[in-house]
Amino acid sequence: MLCGRARLGGREAVLIAFDFAFLGGSVGADAGARIAAAFERARELRLPVVSLVASGGSRMQEGIRALQQLQVIARACLAIRRESIPHIAVLRDPTTGGMWAALAANADVVLATPGAAVAFGGARVRGGADGVEFRSEGKYADGQIDRLVPEEELPARLAELVELLHPARVAASPDPAPVPVALTARAPVRTGSQAVERARAAERPRAGEYLGVYFDRRFEIGGDRTGGRDEAMICGFGDRGGRTIAFAAQCGTANTPAGFRTAARLIRLADQLGIPVLTLVDTPGAANDAAAERGGIGPAIAEAFSAVAAADVPVTTLVIGEGGSGGALALSAPERTWITSDAYFAVIAPESAAAILKRSEPEVPELAGLLRLRPEDLLELGFVRGVVG
């Protein structure tokens, strides 16, 4: 194992690099102490930690003293987390056993090289099974890692991420994220039904377009770390005029439990690192099918509500499309929410309101008006601070 300071782009970081050629990168008592010392040095210097992991776990020949290093390493990871210092892990081939569970999976951002063996149990221990679930692609699909990065792209991607999350950069970012500029300028709608139609229009700008205009560059992360991934929730960190801003953006469809847990994870990480947050709201509502219920959609939405409520960093929200009930409200900042002229927000969709009230389809437009869901209604009711564009 090589521990030291390294320069990635224009920033320094503390490096922990495993050499699998030596005893399979196995960690014993001395190696565990070196990892802990590297984390302590990062805390003293306030530098990010980048761990390049390629290990079979703890040394069998050192017995319980080697196994104890997992506790030592976990404490070291926690110590820098409490100091708002980021830890970035790269899973290389292979990453198994205790170094996956105690070091890599404990990182704030987890990258992996394609095709790498990643599992808690090695192939011999688990009886030779070798499906995709034991490789980095499977871990990515299951939301346990953030991104797959080919070896040749690692230097650039790591430099980008270290720059965005470096304590020396984010220390100057306590101010709220600016409200994005609306990508369309439209006259106010006359009726609630028109507001719903405009928000559902296919040509309306979506989250990807807003993020592309708002940020000079961005680094997306994804996955809820518990087995799920939702491509309709875009999360990550971006550069805007030299400032780092975190973002969680809905993409216009019903979000799954994994989407809300990913957004909550992003907001908690941003709060831990002292980075302001921007959320873009655009969903007809949370997923409510059998799969969503089995996956814990209620607790997942609760996680998002709690992450926003608990954040000490400022959260700025722009509603850019549909604001469907609790699934949209979970990402909305209570005191800092704006809305575009392409959007609406409602306690329930007009069609669902008609179903509850046993009204016919022709009565849906009338209900849309009674719900007071237009941007101007929401401003008058004090729900939003302003209508953008």
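A few remarks follow.
- Rounded to 10°, Cα long-axis angle of helix 297-310 versus longest principal axis of the chain: 80 degrees
- Between the helical axis of 69-82 and the longest alpha-carbon principal axis of the chain there is an angle of about 40 degrees.
- Computed on the stretch 172-388, with alpha-carbon pairs under 8 angstrom and 6+ residues apart, the relative contact order is 23 percent.
- Across the options Leu211, Ala168, Ser136, the greatest Cα extent toward the positive end of the charge dipole of the chain (unit charges at beta carbon of Lys, Arg, Asp, Glu) belongs to Ala168.
- A Cβ-based charge dipole, computed about the Cα centre of the stretch 213-334 with Lys and Arg at +1 and Asp and Glu at -1, lands at about 280 debye.
- Computed from point charges on the beta carbon alone (+1 for Lys and Arg, -1 for Asp and Glu), the dipole magnitude for the chain about its Cα centre is near 860 Debye.
- In the stretch 21-126, inverting the average of 1/r over every pair of distinct C-alpha atoms gives 13.7 Å as the Kirkwood radius.
- Distribution of pairwise C-alpha distances over the chain, 10 Å bins, in %: 5, 22, 29, 22, 13, 7, 2, 0
- Dipole of the stretch 172-388 [Lys/Arg +1, Asp/Glu -1 at C-beta], most positive-end residue of Ala254, Ala368, Leu278: Leu278
- With respect to the chain, whose longest principal axis is taken over its alpha-carbon atoms, helix 257-273 is tilted by about 70°.
- The order of the peptides 28-34, 222-228, 340-346, 54-60 by mean Cβ neighbours within 10 Å, most packed first, is 340-346, 54-60, 222-228, 28-34.
- Taken about its Cα centre, the stretch 316-389 carries a charge dipole of roughly 200 debye when the Cβ of each Lys and Arg holds +1 and the Cβ of each Asp and Glu holds -1.
- Listing Trp338, Trp100 from fewest to most neighbouring C-beta atoms within 10 Å gives Trp338, Trp100.
- Summed side-chain charge close to Arg81 - residues other than Arg81 whose Cβ falls under 14 Å, Lys, Arg +1, Asp, Glu -1: +2
- Qualifying trypsin sites (Lys or Arg not before Pro) for the stretch 128-198 [loop in DSSP, other Cβ within 10 Å: at most 14]: Arg186, Arg190
- Placing R0 at 56 angstrom, the Cβ-Cβ distance between Ala291 and Arg5 gives a FRET efficiency of 0.75 after rounding to 0.05.
Here, each number is a calculation from the coordinates, and none is a lab measurement. These numbers were taken from a predicted model, which means no experiment stands behind them. Note that each Cβ is placed from the backbone with ideal geometry, even for glycine, and that neighbours are counted across all protein chains shown.
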